[in-house]
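What follows is a single structure, written as structure tokens, with notes after it.
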Amino acid sequence: MERLIIRGGNRLCGTVKISGAKNAVLPVIAATLLGQDRETCLDEVPNLDDVRTISELLRSLGVTVRHEPEHNKLFVDATTIENITAPYDLVRRMRASFLIMGPLLARLGRAKISLPGGCAIGTRPIDLHLKGLEALGAKISIGHGYIEATTPDGLKGAQIYLDFPSVGATENILMAASMAEGQTVIENPAQEPEIVDLANYLNLMGAKIRGAGTNVIKVDGAKKLIARDYTIIPDRIEAGTYMIAAAMTRGDVYIANAISEHLKPVIAKLKEAGVTVIEDVDGIRVVCDRRVRAVDIKTLPYPGFPTDMQAQFMAMLTVAEGTSVVTETVFENRFMHVDELRRMGARIKIDGRTSVVEGQTRLTGCQVKATDLRAGAAIVLAALVAEGETQVAYIHHIDRGYDNLVQKLVSIGADIKRVDC
Ligand code: UD1
């Protein structure tokens, strides 16, 4: 089994370049299914297991996919699409597989996708995806572990109110509505930068979407969408993770490519913790020369504090001056990193969706495991300041979402290596 071996105590300094966003590239790859006439070339595609999984999924539909990770490019030719089934093995590995439901319905009028099943971070139902697609005219049936959808009368524009601004549901509805007949209005949609990126890509293909990034999105359906080349936005969560690495190790790191507009709540909280954050058009410099201060955080849909940064922030708060309160409102059961941080000496109490984190801990290296992607990132951050050696197991979770983590951390001075033992 592969592990990360990390020796803590190094101050991180230098420049680290952020890759394309995982959560932007996955819906954009799903949207390539809508593109006709030619091949699509996507640029700034991060080298991640999740990208390999969705590529495998598209290939299983008969689509030609070529990945050139050394050039950050992915080529998709969806003109050859023939199947409509997403098998259990792929959906189980990556819930975002469900994002092909909207494009398949729009393009072929049929989709059959395995039920996602349990997930480490909360129950994560898909009811909002299904409600939205039904409003657009999809007929949905569930049986034998699969969700099957058809559009006997085609997709028709509709008024859709989302009870919760779900990122995935907004994306699925956007993709289906782009080729529906007439106008769709999505009220209370997700407003994440990844939604805006998907809408920009769909508009480039010929869709007519207005209001992405606000609380009402209007979509006028197009008859046909043409494949177009596209460049993915930088990953705000990867950027935020390196910002915390710089702050925790009292370092000085320039996070090249980071878009500060996408990181406002993270920057605000780091400043509140006493960290110096200098923003410019090409990136963000993070400097810290003292112990950070305790801050309270509460996760919320964008533009609130991102749930995908909660675990990493908590790792930082274990060594902060004072006691912090961390509240998770987006997912149930997203505190799996707490047990692993406790193994390293952290003093954290959980009460429902709230954790109380005592600061000024002397973290100590030990054997720990990544229980999910962001929990894995939190453990790595804690290990960077822990006394002695930390061994991190189950790093396949980290490979799902961090492009070249080891090389990037080594390049700014961390003592980290990947071993097979
Ligand atoms: C996306 C991100 C993930 C991030 C999350 C929240 C991708 C590939 N993943 O996940 O990294 O943590 O947004 O920012 O972009 N919900 C329902 N019914 C639904 C759909 C969601 O109740 O039909 C609930 C979920 O259980 C969860 C909350 O809504 O509690 C947020 O989920 P959602 O925004 O849909 O997250 P994902 O799109 O799965």
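Read the figures in this text as sums done on the coordinates, not as results from a lab. It should be emphasised that the depicted structure is a prediction, and the values quoted were computed from it without experimental measurement. Glycine also receives a Cβ, built like all others from the backbone with ideal geometry; neighbour counts cover every protein chain displayed.
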- What's the percent breakdown of Cα-Cα distances in the range 1-82 across 10 Å bins, shortest bin first? 16, 42, 23, 13, 6, 1
- Once amide H atoms are built 1.01 Å from N in the peptide plane, which residues 5 or more positions from ARG347, or in another chain, come under 5 Å H to H? GLU358
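For the range 210-349, give the magnitude of the charge dipole about the Cα centre (Cβ charges: +1 Lys/Arg, -1 Asp/Glu; no others), in debye to the nearest 20. Walk me through the numbers on the way to the answer.
Numbers: 20 positive and 18 negative charges, 63 e Å.
The calculated dipole for the range 210-349 is roughly 300 debye.
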- Message: Suppose R0 equals 41 Å. What FRET efficiency, 1/(1 + (r/R0)^6) with r the Cβ-Cβ distance, do ARG418 and LEU204 give to the nearest 0.05?
- Response: 0.65
- Item | For the chain, alpha-carbon Rg and Dmax in angstrom | 21.4, 64
- Placing +1 on each Lys and Arg Cβ and -1 on each Asp and Glu Cβ in the chain, then taking the dipole about the Cα centre, the residue among ALA106, THR361, ALA383 whose Cα reaches farthest towards the positive end is THR361
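Which net charge results for the neighbourhood of HIS67, defined as the other residues with beta-carbon distances under 9 angstrom from its beta-carbon, given Lys and Arg at +1 and Asp and Glu at -1?
Values: positive: ARG52, ARG66, LYS73; negative: GLU68.
Once all neighbours under 9 Å are counted, the net charge is +2.
Suppose every Lys and Arg Cβ carries +1 and every Asp and Glu Cβ carries -1, with no other charges. What dipole size does the range 256-321 come out with about its Cα centre, to the nearest 20 debye?
Values: 8 positive and 9 negative charges, 49 e Å.
I would put it at about 240 debye.
Placing +1 at every Lys and Arg Cβ and -1 at every Asp and Glu Cβ, with all other atoms neutral, what dipole size does the chain have around its Cα centre, in debye to the nearest 20?
Approximately 480 debye in magnitude.
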- What angle, in degrees between 0 and 90 and rounded to the nearest 10, separates the Cα long axis of helix 22-31 from the longest principal axis of the Cα atoms of the chain? 10 degrees
- P(r), alpha carbons of the range 275-421 - 10 Å bins starting at zero, rounded %: 11, 40, 38, 11, 0
- Message: For a quick size check, give me the Cα extents of the range 53-96 along its three principal axes, largest first, whole Å.
- Response: 31, 23, 12
- Message: Under the rule of at least 5 residues apart or a separate chain, name every residue whose amide H is placed under 5 Å from the amide H of ALA222.
- Response: MET179, ALA180, LYS208
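For the range 23-181, take N as its residue count and report Rg(C-alpha) divided by 2.2 N^0.38 Å.
Values: Rg = 14.9 Å, N = 159, 2.2 N^0.38 = 15.1 Å.
With N residues counted in the range 23-181, Rg over 2.2 N^0.38 Å equals 0.98.
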- Task: Measure off 7 Å from each Cα along the Cα-to-Cβ vector at ARG293 and ILE226, then give the distance between these two points in nanometres to one decimal.
- Result: 5.6 nm
- Message: Residues of the range 257-285 with backbone nitrogen within less than 16 Å of a virtual label 7 Å along the Cα-to-Cβ line of THR329, please, listed as ranges.
- Response: 265-266
- Lys/Arg Cβ at +1, Asp/Glu Cβ at -1, dipole of the chain taken about the Cα centre: which of VAL330, SER97, THR79 is farthest positive-ward? VAL330
- Item | Kirkwood hydrodynamic radius over Cα pairs of the range 163-223, then Stokes diffusion coefficient at 20 °C and 1.002 mPa s, in µm²/s | 195 µm²/s
- Task: Would you work out which of LEU174, ALA227, LEU204 lies farthest towards the positive end of the dipole of the chain, given +1 charges on the beta-carbon of Lys and Arg and -1 on that of Asp and Glu, about the Cα centre?
- Result: LEU174
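As an exercise, use a Förster radius of 60 Å and the Cβ-Cβ distance of GLU68 and LYS218 to find the FRET efficiency, rounded to the nearest 0.05.
On the way: r = 36 Å, r/R0 = 0.61.
Using R0 = 60 Å, I get an efficiency of 0.95.
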- Query: So, counting K/R as plus one and D/E as minus one, what does the shell of residues with Cβ under 10 Å around SER19 add up to?
  - Reply: -1
